[in-house]
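Q: This structure is in structure tokens; I'll ask about it shortly.
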Amino acid sequence: MIQNGILQRHLNKVDAIGGYTPTAIGPNEYGYAVQAGFCHSGEELFHRLAEQYWGIYCASGTDKSPPPEVIGDFLAITHSDLTADVYAGCIPKRLKFRAKQFIPAGAPISNSHLADVTEMRFVDIDVESTDSIVYCFRIGWRFGLYFDFRPTTGYVRDCDEELWPALGSGHRFLMFFDEYTAQSRASATGLSDDGWFPFLELLGGEYRGLADLYASPNARRFVDEFIGRFNAERLQAVAQRWWRNPLFQAKEEIFLAGIDSFGLGTHRGAIACLKVLYSEIEGLIRIACSTDKNIAKPTFKDLERYVDEKGRQNFDTDSLAFPDAFYRYVKDHVFASFDLATGDIPLSRHSSSHGVADAATYTRAKALQAILTLDQLSFYLRDAKPGGGVGPSP
């Protein structure tokens, strides 16, 4: 039956599937069954499982479905009585996301508007806590496959806590596949060594474009052109979202002094920007940590741990904010130590504040990275509040 463009099919009896085994198991041998998971079309596992599940739910019986080549999505829901409802076509869905900026009602939404995708739910299709599920979906030219057979073995799933976030995570991965893969190869291309990170402001295509530049020989000369996209108008728009947080609002004039210096487009402007913002990044984290954790004199280790804690508190581990990677970024770049004896003096809050960094290390790229770090922190510290009890820097 086709309803609203979706092919629907009810199966009176299906086999109870408990998962799949990743390795062959011989007689009298022990093995493991994978009961729930996600894979995508760039993995061999996807093609093996998708063909199997399509054959079980869509290609059997007298009422056969169209070939998979003409189907975008398919969804199989197996109930506790081993009946199943199958849907094939462009299945309506609803995504829950966190916005980077104000989006008017009715406005079109692109990936560049999103800071995170946290849930995906089906429209007018119910999934019960005792239902097993196979869901194959397409985004662009890539496919994802999510399956959860745990209810077949008696597990009662909390859909709000498990299913919808898991489906949201799968959609997020495919929607931002280029950002995830670029992040995984950032070290090999020198992207991360130069201080670049998949900052939330760069998601939606720009971080991927920057990664592509670094993947090409002699392409770093085009980075200046990339940095030039961040004119005064764009940076003012970025900063506008900061002022909703009282912690950031209290430092508005100082932050704008740094942004205005970057806007000069000169080496001296970059120096002034970094001199202002590096110390203010530390101060911002210090005030939030001191107030939130009631620590009068937090150490730099305390500040680093606080960034890690806030990232985990506000984002999933595999979210678009990359909380684990951002913690390392703050630790290894923003708060990087230096060694005068060996001449190992990377530009950081420490080398800048102590006046030992070479003038040549104060680049416009580093200045922009400091601004984008502040923007990232505006999402991490969104619930932080200004307060007293701040002791002197150790």
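Bear in mind these aren't lab numbers, they're just calculated from the coordinates by the rules spelled out. These figures come from a predicted structure and were not determined experimentally. Cβ sites come from the backbone with ideal geometry, for glycine too, and all protein chains shown count toward neighbours.
Q: Between residue 328 and residue 382, how high is the FRET efficiency from 1/(1 + (r/R0)^6) when r is the Cβ-Cβ distance and R₀ = 22 Å? Nearest 0.05.
A: Numbers: r = 21 Å, r/R0 = 0.96.
My answer for the efficiency is 0.55.
Q: In a shell of Cβ-Cβ distance under 15 Å around residue 225, excluding residue 225 itself, what net charge do Lys and Arg (+1) and Asp and Glu (-1) give?
A: Details: positive: 220, 221, 229, 234, 364; negative: 206, 212, 224.
In short, +2.
Q: Sorted by average packing, counted as other Cβ atoms within 10 angstrom per residue and highest first, what order do 151-158, 76-83 take?
A: Packing order, densest peptide first, comes out as 76-83, 151-158.
Q: So what's the angle, to the nearest 10 degrees on a 0 to 90 scale, between helix 206-215 and the longest Cα principal axis of the chain?
A: Approximately 80 degrees, to the nearest ten.
Q: In terms of Cα to Cα distance under 12 Å, which aspartates and glutamates are near enough to residue 251, apart from those fewer than 8 places away along the same chain?
A: 280
Q: Ok, one more. Give the angle, between 0 and 90 degrees and rounded to the nearest 10, that separates the Cα long axis of helix 164-175 from the longest principal axis of the Cα atoms of the chain.
A: Tilt of helix 164-175: around 70 degrees.
Q: Additional query: Before anything else, pin down the relative contact order of the range 230-380: Cα pairs under 8 Å, at least 6 apart, normalised by residue count, whole percent.
A: The value is 26 percent.
Q: How much length, in nm to one decimal, is gained on full extension between residue 236 and residue 249, taken as 0.36 nm per residue of separation minus their Cα-Cα distance?
A: Working it through step by step, the gained length comes to 3.3 nm.
Q: What aspartates and glutamates does residue 275 reach when the alpha-carbon gap must be under 15 Å and sequence neighbours fewer than 8 apart in one chain are set aside?
A: 253, 260, 358
Q: With +1 assigned to the C-beta of every Lys and Arg and -1 to the C-beta of every Asp and Glu, and no other charges, what is the dipole magnitude of the range 70-209 about the Cα centre in debye, to the nearest 20?
A: About 400 debye.
Q: Residues in the range 349-378 near a label at residue 256, defined as backbone nitrogen under 18 Å from the 7 Å Cα→Cβ point?
A: 371, 375
Q: Hey, another quick one. At q = 0.11 Å⁻¹, what log₁₀ I(q)/I(0) does the range 2-175 have when each alpha carbon counts as one equal point scatterer in the Debye sum?
A: The Debye formula, applied to the Cα set alone, gives -0.50.
Q: Also, I was wondering about something else. Once each part is reduced to its C-alpha centroid, what is the distance from the range 109-185 to the range 1-54 in angstrom?
A: Using only Cα atoms to place each centre, the spacing works out to 16 Å.
Q: Please give the calculated 222 nm ellipticity per residue for the chain, where each DSSP H segment of at least 4 residues contributes -39500 (n - 2.57) and the sum is spread over every residue; nearest 500 deg cm²/dmol?
A: -11500 deg cm²/dmol
Q: Ranked by Cβ crowding within 10 angstrom, fewest neighbours first, how are 276, 223, 117, 123 ordered?
A: Ordered by Cβ neighbours within 10 Å, fewest first: 123, 223, 276, 117.
Q: Moving on to the next point. Net charge within 11 Å of residue 36 by Cβ-Cβ distance, Lys/Arg positive one each and Asp/Glu negative one each, not counting residue 36 itself?
A: My count for the surroundings of residue 36 gives 0.
Q: Compute and list, largest first, the equivalent-ellipsoid semi-axes of the range 230-380 from the alpha carbon gyration tensor, each √(5λ) rounded to a whole angstrom.
A: Square roots of five times the eigenvalues give 23, 21, 14 Å.
Q: If I fit a long axis through the Cα atoms of helix 267-293 and take the longest principal axis of the Cα atoms of the chain, what angle between them do I get, 0 to 90°, rounded to 10?
A: 70
Q: Given an 8 Å cut-off on Cα distances and at least 6 residues of separation, report the relative contact order of the chain as a percent.
A: Reported relative contact order: 14 percent.
Q: Roughly how far apart, in whole Å, are the Cα centres of the range 268-298 and the range 200-245?
A: Taking the Cα centre of each part, the range 268-298 and the range 200-245 sit 23 Å apart.
Q: Something else: Once Rh is set to the Kirkwood radius over Cα pairs, what Stokes-Einstein translational diffusion coefficient, in µm²/s, holds for the chain at a temperature of 37 °C and a viscosity of 0.692 mPa s?
A: 138
Q: May I pose another question? Checking the cross-link filter: which lysines have an alpha carbon closer than 19 Å to that of residue 13, excluding same-chain neighbours under 8 positions apart?
A: 64
Q: Net charge near residue 299: determine it from the other residues with C-beta under 12 Å of the C-beta of residue 299, scoring Lys and Arg +1 and Asp and Glu -1.
A: Here the charged neighbours net out to +2.
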